Amino acid sequence: MCGIVGYIGRRDAAPIIVEGLKKLEYRGYDSFGVATLGMGIDLVKHQGRISEKACTAATLKGKIGIGHTRWATHGIPNDANAHPHTDCLGKIAVVHNGIIENYADLKRNLQSRGHTFRSETDTEVIVHLIEEEYARKPDLLIAIQAVVPKLEGSYAILVIAAGEDRIIAARNASPLVIGVGDGEFFAASDMTPVIEFTERAIFLEDGDTVSLSKKKIEIFHNGKPVARSVELIDWSLEDVRKGGFAHYMLKEIYEQPQVFYNTIRSVDPGALPGKIRHARSVTLVACGSSYHTGLIFKYLLEATCGIPARLEFASEFKYFPPPINDLVIGITQSGETADTLAALKYAKSSGCATLAITNVLGSSVTRVADIILFMRAGPEISVAATKSFIAQLAILMQIVNSISEMKYDDVLQQAHKAIEEVLLMDLSQTVTACKNAQSIFYVGRGPFYPVSLEGALKMKEISYIHAEGYAAGELKHGPFALLSPETPVVALCMPGDTYSVMISNIKEMKARGAPVIAIGTDGDRELPDIVDIFIAVPKTPLFVQILTSLVIEQLLAYHTAVALGRDIDKPRNLAKSVTVE
Amino acid sequence: MQAIILAAGEGVRVRPLTRSRPKAMIPVANRPIIEYVIDALLKNGIRDIVVVVGYRKEQVTRFLNGLGVPIDVVVQEKQLGTAHALQCAESKINGDFLVLPGDNYIDSQSIARIKDTPNAILVKEHPNPSNFGVVLLKNGLVTEIVEKPEHSPSFMVSTGIYSLKKSFFSHIRGNDITDAISEMIQAGEQIQAVPADDWQDAIFAWDLLKMNRRLLKNIPMAREGTASRQTIIQGPVNIGRGTTIGPNTVITGPVVIGNDCTIGPNCCIMPDTSIGSRVTLDPFTFIGDTIIMDDTAIGSHSRIIDTVVGERCTLADHTSVSTAAGLMDIEGCTIRSEFGAILGDNMASGPFTAYKNCIVGNNVTIEGQESISSRTIPDGSMVI
């Protein structure tokens, strides 16, 4: 998981690349580097965040350049391991996103032929391989086309060489888009760095190599020239800016009513493909937060439509025999999550119908799955998923609605109102109770069990407080031993099937002295008397209760992290989407 | 030229409508008041705009983000006063600047008149000057400014719109701009008084109806939704995307209707009515001289006049509102008023509820068959 940017054109490349890398920081922020083509290759690279120490990089001269912001996979984050990497003579520079799986073999061979390696990364083998080919025939494009077949694994690379007025790009299983400007070209891991300059983009296919010069773009697939269509991107720069909000996360939380409404309106439940509406059993594959949406979907689908649903972590899916004729649904916000992509490919190769739910048009998953449903969340910058989570739920709830013959049309059309309502709630008392805790437990039953998992995930992700979600009934089978007056419990206690037994669970927890924060509904008479803090969400149907309690948990995690002074949008050790298995 | 828009205050006298949004964000003719202010600035070529937010700042910021013009946002954490709000934006100011309240309507001609006169106040005559900063003039210069006097010596009031120089900050003493202006006058500086053409402030919630009447005069005609052929539409009427209007509905403009509404059949919408997005009007309902905000549903056979209905309300069938004059107790003052009803966000009332000259808070539930007149019902109440 890294971000790469390249520029060739009439302007100075370095400032454009530096700004672009700042926008890609969500993809990784361990180290950064920029190389430009001046008289030779000029290079600046550092450990740390580009937003904090970009000053030297932006002064490099030259109209051609490449840059990289890193999320370390091979080799610790330090200056030497930062990209771009250069060959032995310092004439060729490369940036790379992905993992070269056979790099150890390649490296041994290269070293035996006298190449010196300056870093511990897998990437450096690429540049030395190019060096050898380039020495044989000084044409950068041909050299790279000769190197690419030797590489196993995933890569999106950008290469420049002294004396060549062009950038060569290649991709396989890692994202790369080309932005087409007037007399200038951009290459980047996604559209965010490019959108400021042009709305025209070319999405590359796996196995493509591209030559970008000031005047023209040439694309090759397996050595043969091919044409790829230019697409218009309708995200505006405004969409990707933080606006006046203190953090992207808060901005995205506040966009949720609109995102939910837009997504609901964008999926016509009556017109979904028959493979979805007549599915007899469903398997979901997902990672992280998406796994929690999958689990909520499982509860809703099985309870309201009677259709069996199986849910697996995408990374574990391949260790089971594939389902026979299920509909397999892959959920990935970025469309690039490597595990989910692999799982969908596996399902497809076993003859299953595949559906992908993603937020990114033109992302890798859209080329894998049979059916694609887009969430209308817009770009999500904060590492902690908020609006994309709500948008995923919107699509999954529409699927439930579709299978149950539009029974929930009204509920879903009205749901955004309740989300708007809970955004106004004051959680300061709860934040005070949580911010000094060592551990926080989240408990719920039924569909509120995944809701509590998600609440705990959000809390640990951004506030760094240890938090765990449990099915309320499971608490007694072990975790009860951890309860004390220092461990607040967030209990989801909504009217419905789970209410009465939740009440008795809460009483048990109170008896162990744990402070209980309950999320319930307006007008509840019993709950406020037995808990320490009562958070009342509007009285709504089950589907909407799930949404509102999620939003409360997001806000609680956000405000707690703010109170603790955490780096909300870029929590330590995390990257936005995980493109390695 | 820069412009600083002050949108941090709640607007307590407009409660209950300001619970979920500051006064600047209340929709009038379907657009938040602050949007008219920004429009007037853009028409004058003023693009360097800073908005000071505070109360419910997320709501304002989210709205500004969607505008498509870059706008700077600064936060005033505690709402101490207008001068303090301005100080929050001080680091962003680099020369002469305008200050405008985000919750008053102002036309672009008035801004054109003041923007090139540094050290000036835009003034306007008002029949009830005691709610404003009253300005005393001599030869076009301000001699004195008195904030909310009990017995006003003049009908000329400050609109809260100033054209100032950066040196203004050295005169700030208290927390309000008017104090600083008085200080400047004492120090011998000349403050021009520039008359405004068209300026509207809503001091109390019912004043929004007057502002609504005024702003509906400028709406463009547009017909994006689908209207049945048996619909009769007269005058300037603006209907948004995805709205459907059933047969035999009569709409007499000026009327603005937002997106994705469902109206009729057999409804009657009379002049000076603004209807937000996703609103449902059931058959045989009559609406006139009213603001209805987003996501509200009104049952059949209802009659709603002279009323502001908040977001997400549900009024059941046979709701009726009648206009009456009466005395309202607002923030400790007794104010004479004449209107139908002010209904806060997310309230619900049952069938056959009658309203007359009353303010109903947010999240109120009224069982029905009630007659509510000359009362203020606090937030979250249940009327049985």
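Tabulated results
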{"quantity": "Residue tally, condition part of a helix (DSSP H, G or I) and either within 14 Å of chain B (Cβ to nearest Cβ) or at pLDDT below 90 (or both), over the range A:435-460", "calculated": "1"}
{"quantity": "Test: residue in the range B:62-72 that is more than 19 Å from B:Val142 (Cα to Cα), among the basic types (Lys, Arg), out of contact with any Ser or Thr (no Cβ under 8 Å at 6 or more places or on another chain) and surrounded by fewer than 17 Cβ atoms within 10 Å (Cβ to Cβ)", "calculated": "no"}
{"quantity": "Candidate set: the range A:19-38, residues that are outside any strand (DSSP E or B) and without any contact (Cβ under 8 Å) to a residue 60 or more places away in the chain; chosen: the one farthest from A:Ile76 (Cα to Cα)", "calculated": "A:Gly38"}
{"quantity": "A:Lys387, sole failed condition from (1) within 14 Å of chain B (Cβ to nearest Cβ); (2) at pLDDT below 90", "calculated": "(2)"}
{"quantity": "Selection count where residues are more than 8 Å from chain A (Cβ to nearest Cβ) and charged (D, E, K, R), scope the range B:55-85", "calculated": "2"}
{"quantity": "Residues being of a type outside the set (S, T, N, Q), over 26 Å from the mean Cα position of the chain (by Cα) and not in a helix (DSSP H, G or I) - total across the range B:172-224", "calculated": "7"}
{"quantity": "Output for the range B:5-24, where each listed residue is under 13 Å from the mean Cα position of the chain (by Cα) and surrounded by fewer than 21 Cβ atoms within 10 Å (Cβ to Cβ)", "calculated": "B:Glu10, B:Val12, B:Arg13"}
{"quantity": "Selection within the range A:423-443 - surrounded by 23 or more Cβ atoms within 10 Å (Cβ to Cβ) and in contact (Cβ under 8 Å) with a residue 60 or more places away in the chain", "calculated": "A:Thr430, A:Cys434, A:Phe441, A:Tyr442, A:Val443"}
{"quantity": "Residue in the range A:90-102 that is in contact with a helix residue (DSSP H, G or I) (Cβ under 9 Å, 6 or more places away or on another chain), farther than 28 Å from A:Pro77 by Cβ and assigned by TED's automatic domain parsing to the domain that holds A:Gly183 present", "calculated": "no"}
{"quantity": "Contacts under 9 angstrom Cβ, first residue in the range B:266-293 being under 19 Å from B:Pro220 (Cα atoms) and not assigned by TED's automatic domain parsing to the domain that holds B:Ser320, partner assigned to a loop (DSSP other than H, G, I, E, B) and at pLDDT 95 or above, 6 or more apart", "calculated": "none"}
{"quantity": "Counted residues, the range A:162-172 - those being outside any strand (DSSP E or B) and either of a type outside the set (A, V, I, L, M) or not assigned by TED's automatic domain parsing to the domain that holds A:Glu231 (or both)", "calculated": "4"}
{"quantity": "Helices (runs of 4 or more DSSP H) wholly inside the range A:247-354 that include at least 2 residues being surrounded by 19 or more Cβ atoms within 10 Å (Cβ to Cβ)", "calculated": "A:248-254, A:256-266, A:288-305, A:314-317, A:338-349"}
{"quantity": "Meets criteria (assigned to a helix (DSSP H, G or I) and away from chain A (no Cβ under 13 Å)) for B:Glu35", "calculated": "yes"}
{"quantity": "Condition check for B:Val52: among the aliphatic types (A, V, I, L, M), within 14 Å of another protein chain (Cβ to nearest Cβ) and more than 21 Å from the chain's Cα centre (by Cα)", "calculated": "no"}
{"quantity": "Any chance B:Thr143 is more than 25 Å from B:Ile330 (Cβ to Cβ) and part of a strand (DSSP E or B)", "calculated": "yes"}
{"quantity": "Helices (runs of 4 or more DSSP H) contained entirely in the range A:49-161, each with at least 2 residues that are surrounded by fewer than 16 Cβ atoms within 10 Å (Cβ to Cβ)", "calculated": "A:103-112, A:124-136"}
{"quantity": "Top-ranked residue in the range B:308-320 [being more than 16 Å from B:Cys267 (Cα to Cα) and assigned to a strand (DSSP E or B); ranked as nearest to the chain's Cα centre (by Cα)]", "calculated": "B:Val308"}
{"quantity": "Whichever residue in the range A:238-287 is touching a Gly at 6+ places or on another chain (Cβ under 8 Å) and at pLDDT 85 or above and, among such residues, is farthest from the other protein chains (Cβ to nearest Cβ)", "calculated": "A:Val285"}
{"quantity": "Output for the range B:357-381, where each listed residue is hydrophobic (A, V, I, L, M, F, W, C) and either in the same structural domain as B:Thr18 (by TED's automatic domain parsing) or assigned to a strand (DSSP E or B) (or both)", "calculated": "B:Cys358, B:Ile359, B:Val360, B:Ile366, B:Ile372, B:Ile377"}
{"quantity": "Which listed residue is more than 14 Å from chain A (Cβ to nearest Cβ) and either hydroxyl-bearing (Ser, Thr, Tyr) or touching a Ser or Thr at 6+ places or on another chain (Cβ under 9 Å) (or both), from B:Ile121, B:Ile93", "calculated": "B:Ile121"}
{"quantity": "Lone unmet requirement of (1) under 19 Å from the mean Cα position of the chain (by Cα); (2) hydrophobic (A, V, I, L, M, F, W, C); (3) surrounded by fewer than 17 Cβ atoms within 10 Å (Cβ to Cβ) for B:Leu42", "calculated": "(1)"}
{"quantity": "Segments classed as strands (runs of 3 or more DSSP E), wholly inside the range A:173-222, with at least 1 members that are of a type in the set (A, V, I, L, M) and touching a residue at least 40 places away in the same chain (Cβ under 8 Å)", "calculated": "A:177-180, A:185-188, A:200-203, A:208-212"}
{"quantity": "Residues being within 15 Å of A:Asp370 (Cα to Cα) and of a type in the set (Gly, Ala, Ser) - total across the range A:274-289", "calculated": "2"}
{"quantity": "Condition broken by B:Gln109, with the remaining ones in (1) within 14 Å of chain A (Cβ to nearest Cβ); (2) part of a helix (DSSP H, G or I); (3) surrounded by fewer than 22 Cβ atoms within 10 Å (Cβ to Cβ) satisfied", "calculated": "(1)"}
{"quantity": "A:His115 being in contact (Cβ under 8 Å) with a residue 24 or more places away in the chain, farther than 17 Å from A:Cys2 by Cβ and in contact with an Asp or Glu (Cβ under 8 Å, 6 or more places away or on another chain)", "calculated": "yes"}
{"quantity": "Which numbered condition A:Glu312 fails, given (1) acidic (Asp, Glu); (2) closer than 22 Å to A:Pro571 by Cβ; (3) modelled with pLDDT of 90 or more", "calculated": "(2)"}
{"quantity": "Matching residues, the range B:321-356, being assigned to a strand (DSSP E or B) and polar (S, T, N, Q)", "calculated": "B:Ser322, B:Thr334, B:Ser337, B:Ser349"}
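The values are calculated or read from the model by the stated rules, or taken from the named source; none is laboratory data. Since the structure is predicted, the reported quantities are computational estimates derived from the model, not experimental observations. Don't worry about glycine lacking a Cβ; one is built from the backbone with ideal geometry, like all the others, and counts go over all protein chains shown.
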